[in-house]
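Here's the structure, in structure tokens; my notes come after.
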Amino acid sequence: NAGVTQTPKFQVLKTGQSMTLQCAQDMNHNSMYWYRQDPGMGLRLIYYSASEGTTDKGEVPNGYNVSRLNKREFSLRLESAAPSQTSVYFCASSLRALANTGELFFGEGSRLTVL
Amino acid sequence: AQKITQTQPGMFVQEKEAVTLDCTYDTSDQSYGLFWYKQPSSGEMIFLIYQGSYDEQNATEGRYSLNFQKARKSANLVISASQLGDSAMYFCAMREGRTGANNLFFGTGTRLTVIP
């Protein structure tokens, strides 16, 4: 019962370095999402992919890029990491776009620290 | 303005008692959905319950119920017969009904501690 799998779970970067967070789901879901969670702010949407082949910006997309590689995989890339991107990142998926009643299924999170 | 407001940073409840976690929301849409998620100390987010804006009855899922008061724009989570495993962060979230809306707006969360 893998569900949503994120890698890596922990990462420390220096300012200016790049990295990619990987996410894969095995539930045959159409929609996938990347959120960040910061203390006292709840979760905020970075990017989402309503279906394979499409991606759209969320609330806080600046400094990030995404790729929906196929139906299973949705990656998040930081091209030039900044300390403000220190956060816990969650990947999530849903059977359909949230315009319906679909709940989100979350990965376990990836804790990123940018020094 | 915040779309989701959770005014209780922390709550304590005695084991086996009921507890209500508050959530108010702000939207001008007629169609929207309200969700509650649980985040244990292990970090994953677990879906608990959903209420649609047109649902006339309050949603229930086992020991969880959602007290939906549309006129007050509140969607409080009620946990009955609290268990030690209920200790966690709880997040209220809303999906607005506009076409193409694919975002859940989350509140800042309430940390619930169940006391033995």
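Bear in mind that the values in this text are calculations on the coordinates, not laboratory data. Computed from a predicted structure; not experimentally measured. With ideal geometry, Cβ positions are generated from the backbone for all residues, glycine too; neighbour counts draw on all protein chains shown.
Worth pointing out:
- The range B:19-83 - Debye-derived log10 I(q)/I(0), Cα point model, q = 0.13, 0.16, 0.28 Å⁻¹: -0.36, -0.54, -1.33
- Amide H partners (placed H, <5 Å) of residue A:108, local residues excluded: A:6
- The value for the protein assembly as shown of Rg(Cα) / (2.2 N^0.38 Å) is 1.01.
- Since only A:69, B:93, B:35 are under comparison, the one whose Cα sits farthest along the positive direction of the charge dipole of the protein assembly as shown, derived from C-beta charges on Lys, Arg, Asp and Glu, is A:69.
- Along its three principal directions, the equivalent ellipsoid of chain B from the Cα gyration tensor extends over semi-axes of 24, 15, 12 Å, largest first.
- Added length on full extension, which subtracts the Cα-Cα distance from 0.36 nm per residue, residue A:111 to residue A:27: 27.9 nm
- The amide H of residue B:15, built 1.01 Å from its N in the peptide plane, has B:115 as neighbours under 5 Å, considering only residues 5 or more places off or on other chains.
- Structure remark: mean-square fluctuation, Gaussian network model of chain B, C-alpha springs under 10 Å; the largest value among B:90, B:25, B:54 belongs to B:54.
- The range B:48-116 - percent relative contact order, Cα under 8 Å, separation 6 or more: 22 percent
- Taken over the protein assembly as shown, lysine pairs spaced eight or more positions apart, or on distinct chains, with alpha carbons under 26 Å apart number 13.
- A simple spin-label model places pseudo-atoms 7 Å from Cα toward Cβ; at residue B:56 and residue A:5 they are separated by 4.7 nm.
- Considering only B:55, B:22, B:86, the Gaussian network model of chain B with Cα springs below 10 Å gives its largest mean-square fluctuation to B:55.
- Most fluctuating residue given options A:33, A:89, A:64, as computed from a GNM of chain A linking Cα atoms under 10 Å: A:64
- Charged-residue dipole, Cβ positions (Lys, Arg, Asp, Glu), chain B about Cα centre, Debye nearest 20: 160 debye
- Residue-wise HN-Hα couplings along the range A:65-76, as the Karplus relation 6.51 cos²θ - 1.76 cosθ + 1.60 with θ = phi - 60° gives them from phi, are 9, 10, 9, 9, 5, 6, 5, 7, 10, 9, 10, 10 Hz; Gly and Pro carry x.
- Each residue of the range B:58-70 was assigned a 3J(HN,Hα) from its phi angle through the Karplus curve 6.51 cos²θ - 1.76 cosθ + 1.60 (θ = phi - 60°); the sequence is 5, 6, 9, 9, x, 7, 9, 9, 10, 8, 9, 10, 5 Hz, with glycine and proline shown as x.
- Treating r as the C-beta distance of residue A:17 and residue A:70 and R0 as 22 Å, the FRET efficiency rounds to 0.25.
- For chain A, the Stokes-Einstein estimate of translational diffusion at 20 °C and a viscosity of 1.002 mPa s comes to 154 µm²/s, using the Kirkwood hydrodynamic radius over alpha-carbon pairs.
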